[in-house]
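The values are calculated or read from the model by the stated rules, or taken from the named source; none is laboratory data. Fair warning: this is a prediction, and the values are worked out from it, not measured in the lab. Every residue, glycine among them, receives a Cβ derived from its backbone with ideal geometry; neighbour counts consider all protein chains shown. Surface accessibility is based on the protein's heavy atoms, side chains included, excluding ligands, DNA and RNA. Shrake-Rupley method; radii C 1.70, N 1.55, O 1.52, S 1.80 Å.
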Amino acid sequence: VDATPFGTVYIDGREVGDTPVVRYAVAAGRHIVEIRRTGYRTRTDTVQVVAGNTLAYTRALLLQR
C-alpha cells in the first residue's frame with residue numbers, strides 16, 4: 001500500500017503503519033483499505049484479495065477543502 005503524499009494505512013479498521021506498507025499478510029477475501037493524513041481526504045476502498053496473490057494498491061491523497 002502506497003500513497004502520495006504519505007499517509008497512515010488502516011486495513012479493516014486496524015492501523016498497520018505509514019506508507020509504504022510492504023508485505024502485509026491478510027486472508028483471502030474482501031478487505032477495507034483506508035489511507036489517512038491530517039489535512040487530506042481519507043481514501044477508502046474495498047479490495048478483493050485472492051489466495052496466494054500479491055495486491056499493489058497506490059492512491060493520491062487530495063487536500064481537504
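Couple of notes before you dig in:
- Distance (nanometres) between label positions extended 7 Å along Cα→Cβ at Q48 and I32: 1.9 nm
- The relative contact order of the chain comes to 34 percent, based on Cα pairs under 8 Å that sit 6 or more residues apart.
- Listed values [x] 24, 53, 20, 3; [y] 22, 57, 19, 3, 0; [z] 20, 43, 30, 7, 0, entry calculated as P(r) over Cα pairs in 10 Å bins from 0, in percent: [y]
- A simple rule links phi to the HN-Hα coupling: the Karplus curve 6.51 cos²θ - 1.76 cosθ + 1.60 with θ = phi - 60°, which for the range 14-20 gives 9, 5, 10, x, 8, 5, x Hz, with x for Gly and Pro.
- Distant-in-sequence amide H partners of L61 (H built 1.01 Å from N, under 5 Å): T4
- Mean accessible surface per residue for the chain, computed with a 1.4 Å probe while every protein chain stays in place, in Å²: 71 Å²
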